[in-house]
Amino acid sequence: ESIKDVGTYGDRKTIELCGRKISEDDWTNITPRILDHIGRNIYLQKNHPLSILRQKIIDYFYSNYLGHRGTPVFSVYETLSPLVTTVQNFDSLLIEKDHPSRRKSDCYYIDRDHLLRAHMTAHQAELIKSGLDRFLMIGDVYRRDEIDATHYPVFHQVDAVRLFTGTELHGDRWGSNGKSLFGNGTRTHDCQECHDEMSVKLVEMDLKTCLMGLTRSLFGKGISHRWTETYFPFTHPSWELEIDFNGEWMEVLGCGVVEQSILKKAGASDRIGWAFGLGLERLAMLLFNIPDIRLFWSKDSGFLSQFKEGTITKYKPISQFPQCINDISFWLPNDKFSANDFYDLVRVIGGDIVEQVSLVDEFTHPKSGKKSHCYRIVYRHMEKTLTQEEVNAIHSKIEKNASETLGVIVR
Ligand code: FA5
Ligand code: MG
């Protein structure tokens with residue numbers, strides 16, 4: 001269970017979360033509003049659409065992968081702590097020290113060594129190390145990102161890993177010493193240097209069959225899909241699965257053949273395997289017809305009462321309240337300015353009544369060389385009509401805070 005409490009330790013603030021006390025340093029960028037989401041566990045909340053979808057995915061794995069005695073072969077981990085180390089989130093997955101995904105502008109850091117996990121893959125290496133061959137990891141993940149109807153700084157992922165011994169993959173065809181999994185060639189675009197090409201093909205087929213089975217079990221047999229090749233530091237080869245949603249391709253997951261050095265380090269060097277990670281919100285928005293990602297966090301019974309564990313029903317909007325649009329323009333400071341810092345500030349002050357923030361104009365003054373940004377903030381309450389006074393009060397607070405903390409000069 002997690003506690004959210006900010007105290008002081010000497011002259012440094014300490015942050016207490018998930019049973020740990022951590023002193024702030026120059027990497028700390030976690031905000032109280034984000035801390036408030038830890039422990040909500042909406043993905044485990046009975047009759048919540050995210051929980052219904054989570055259970056459907058677990059059921060697919062339980063019913064399609066049975067052991068000799070009819071017991072499930074995938075084990076499920078869904079209460080792993082979201083507070084992780086940079087080793088878990090990055091190093092254990094071969095993510096280079098200067099990889100953009102480590103940036104302060106992209107993650108929520110508690111201090112330089114701890115962050116809120118940015119993907120469920122953060123737990124992969126340690127679970128393999130503990131001796132597991134087939135498992136699912138489900139939970140909340142945290143990323144600093146743009147703000148719109150499909151992006152929220154907290155979302156949920158299901159990750160999975162399946163490892164094979166030589167015998168499991170090939171049967172007894174090659175004997176059971178597992179040698180046939182490995183070759184000693186060079187890395188090509190579809191095979192790691194240490195892998196046997198035939199084995200990699202079988203792993204790819206098993207992975208894609210599994211994921212298409214899952215997609216069809218959720219969306220029906222007629223769903224159109226395509227696989228695209230992609231890159232992850234922790235898998236090779238790697239793919240993304242896209243499905244056709246109203247004539248547009250939508251990415252639903254990333255996957256691939258696990259980098260062998262990860263398995264080796266985790267004590268599973270005699271195995272080969274696949275992994276994938278998918279986002280629950282995007283799938284749930286399609287399945288339940290939910291138009292805005294913020295609705296998942298609603299405590300309103302008008303929303304929650306529409307869903308029932310075990311069934312997929314379409315969401316019916318209670319009513320649509322009007323938007324209120326205000327722009328803010330400011331001169332940027334001379335030193336560095338990150339748009340994500342501004343987005344966070346808007347979120348901290350405006351909270352969930354901010355529907356969208358977008359950069360609508362930027363220009364450089366021809367004489368002074370100073371840069372100016374104009375952001376459009378769209379306010380909309382999910383459950384009532386906002387008055388112009390209410391919006392103005394929040395908007396001025398954002399202006400005031402931006403000039404005080406980001407060094408910008410409001411125009
Ligand atoms: C990852 O997070 C990888 N860890 C996935 C993976 C696992 C690859 C294991 C290989 C092996 P990515 O950042 O693309 O990859 O996110 C995975 C999925 O999460 C996306 O396909 C999407 O469905 C979902 N997702 C990503 N960002 C967001 C977001 N801002 N809002 C909602 N869903 C998101
Ligand atoms: Mg992606």
* Asked: How much of the accessible area of the chain, in percent, comes from carbon and sulfur atoms when a 1.4 Å probe is used?
  -> 50
* Structure fact -> Cβ-Cβ cut-off under 10 Å around V258, Lys and Arg +1, Asp and Glu -1: the net charge is +1
* Mean ellipticity per residue at 222 nm, deg cm²/dmol - from DSSP H runs of n ≥ 4 across the chain, formula -39500 (n - 2.57) -> -7500 deg cm²/dmol
* **Shape category assigned to region 294-345 from the gyration tensor of Cα positions, a/c cut at 1.5** => prolate
* Structure fact -> Here region 122-219 gives, from Cα atoms, an Rg and Dmax in Å of 17.6, 54
* Centroid-to-centroid separation of region 116-139 and region 263-288 [C-alpha atoms, Å] -> 9
* **Set of lysines near K367 by C-alpha distance (under 28 Å), chain-local residues within fewer than 8 positions excluded** => K336, K400
* To do: Please give every one of the aspartates and glutamates within straight-line cross-link reach of K97, meaning a C-alpha to C-alpha distance under 16 Å, and leave out same-chain neighbours fewer than 8 residues apart.
  => D106, D113
* Asked: So what does the Cα-only Debye profile of region 264-411 read at q = 0.16, 0.17 Å⁻¹, as log10 I(q)/I(0), no solvent term?
  -> -0.93, -0.99
* Asked: Under DSSP H, which helices of the chain have Cα atoms covering 15 Å or more of the helix axis and a Kyte-Doolittle average no less than 0.0?
  -> 197-219, 339-350
* To do: Among DSSP beta bridges lying fully in the chain, give the percent that are antiparallel, nearest 5.
  => 95
* Compare W239, W249 by solvent-accessible area with a 1.4 Å probe and give them largest first, with all protein chains kept in place. => W249, W239
* **For region 265-411: relative contact order, % (alpha-carbon pairs under 8 angstrom, 6 or more apart)** => 26
* Relative contact order %, the chain, counting alpha carbon pairs below 8 Å whose residues are six or more apart -> 14
* Candidate aspartates and glutamates - alpha carbon under 13 Å from K264, same-chain residues fewer than 8 apart omitted -> E126
* **Heavy-atom accessible area per residue - the chain, 1.4 Å, Å²** => 48
* Asked: Where the convex hull is taken over the Cα atoms of the chain, what is its projected area averaged over directions, in nm²?
  -> 24.1
* Asked: Taking the C-alpha atoms of region 324-410, how large are the radius of gyration and the largest Cα-Cα span, Dmax, in Å?
  -> 13.4, 47
* To do: Enter the per residue convex hull volume of region 33-157, computed from alpha-carbon coordinates, in Å³ rounded to the nearest integer.
  => 128
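The values are calculated or read from the model by the stated rules, or taken from the named source; none is laboratory data. As the structure is a computational prediction, the values presented were derived from the model and not from experiment. All Cβ positions, glycine included, derive from the backbone under ideal geometry; neighbour counts span all protein chains shown. The area values use the complete protein model at the heavy-atom level, side chains included, leaving out ligands, DNA and RNA. Shrake-Rupley method; radii C 1.70, N 1.55, O 1.52, S 1.80 Å.
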